[in-house]
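A.B. asks: Before we start, here is the structure in question, set down as structure tokens.
The values are calculated or read from the model by the stated rules, or taken from the named source; none is laboratory data. From a predicted model like this one, the values you see are computed outputs, not experimental measurements. Please note: Cβ atoms are built from the backbone with ideal geometry, for glycine as well, and neighbour counts cover all protein chains shown. What goes into the accessible areas is simple: the full protein's heavy atoms, side chains included, and nothing from ligands, DNA or RNA. Shrake-Rupley method; radii C 1.70, N 1.55, O 1.52, S 1.80 Å.
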Amino acid sequence: MTTAKKLLICAVAILISVLISSVGIAQQYVTKKPTAADWAGLANLPDFNGVWERGGAPARGAGQPANSAAPTAPRGGAAPAAGAPRGGGGATATPGANATPAGAQRGAGGRGAGGRGGGRGGGMQLNPEYEAKSRAYQANQPEDNTTANCLPPGMPGIMTQPYPMEFLMTPGKVTIVIEAYTQVRHIYTDGRKLPEDPDPKFFGTSIGHWEGDTLVAESIGFSPSIRIAPGVAPSDKMRVVERFRLADPDNMSIETTLTDPVVLAAPYTTTANLRRHREWTIEEYICEENNRNSVDNNGKAGINLTLPGANSSK
């Protein structure tokens, strides 16, 4: 090989390396050290801090949307009533909870709880191909789904769970610690942009900004393992926009809009209320501990009745 060819190969290799590095850098955002002014600035934002429970109605005249959705109970468990003792409903939930988000109907044309879409009936409207997939899935629906193996529901289903969630506000970020499945969401408000090529995640990548007293969060890049309707996964074009706003000091309204030009025939919006419990703390939720439930490749739920530590030779 001539020297000229060697130099050309080296130059091409260096160019490829630089291009790969630049793509990687574009996906990264370096968080700066918060200043005293950054911490002080939190006092000027609405106070979302604390533990919240999905469901319950805000005080009359608090400005809560009229079609606020009640919590959706997992299969086999009841959602906690507003003001009920902690664990009154969520404690009975099973790892195999229905991962379909609250308001998603069984087939297009149905009316979801608190949901509104662009088609007749106000429910989630699927494009014909995905409507057919959903109906086929429901015609031969498995006994349970992957949440029985401790996979989280993903977005937006994780925000509909009848378990508490804690909001933590720090400079440039709102963190949501969700008791169900011990999950954590980050909504970045530090000025970064949505990634052009996001890694698929159960909760996507969430970027937020403040519009007055409303936190607006936009999320993209979702795992194909999640479901937004029975038997239907989102496409890589799905976006979720959430609007968080205090209706009164201890009630927060959340308006959630799903758009997916591939799967959905129209944007789908739900509203819900969270009620703050200042005396609550987040508890442990260890789905994997002593987990005896499972789902096989055919969607059949099973249970291992062998006691932990039992002598199998007897």
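A.B. asks: Six or more apart or on different chains, Cβ under 7 Å: which pairs go from a residue in the range 258-284 that's aromatic (Phe, Trp, Tyr) to one that's open to solvent by less than 20 Å² (accessible area, probe 1.4 Å) and not in a strand (DSSP E or B)? Could you list them?
C.D. replies: Close Cβ pairs (under 7 Å, with a partner that is open to solvent by less than 20 Å² (accessible area, probe 1.4 Å) and not in a strand (DSSP E or B)) amount to TYR268/MET124; TRP280/PRO164.
A.B. asks: Select, from THR175, THR214, the only residue that is of a type in the set (Ser, Thr, Tyr), without any contact (Cβ under 8 Å) to a residue 24 or more places away in the chain and under 19 Å from LEU42 (Cβ atoms).
C.D. replies: Selected residue: THR175, the only one of THR175, THR214 that is of a type in the set (Ser, Thr, Tyr), without any contact (Cβ under 8 Å) to a residue 24 or more places away in the chain and under 19 Å from LEU42 (Cβ atoms).
A.B. asks: Would you list the strands (runs of 3 or more DSSP E) that sit entirely within the range 218-314 and hold 1 or more residues that are at pLDDT 85 or above, in contact with a strand residue (DSSP E or B) (Cβ under 9 Å, 6 or more places away or on another chain) and within 30 Å of ASN140 (Cβ to Cβ)?
C.D. replies: Hits in the range 218-314: 239-248, 251-259, 268-276.
A.B. asks: So which residues in the range 119-159 are under 21 Å from MET238 (Cβ atoms), open to solvent by less than 30 Å² (accessible area, probe 1.4 Å), of a type in the set (A, V, I, L, M, F, W, C) and part of a helix (DSSP H, G or I)?
C.D. replies: Within the range 119-159, ILE158, MET159 meet the criteria.
A.B. asks: Quick one: is ARG192 part of a loop (DSSP other than H, G, I, E, B) and either within 30 Å of LYS32 (Cα to Cα) or touching a Ser or Thr at 6+ places or on another chain (Cβ under 7 Å) (or both)?
C.D. replies: In short, yes.
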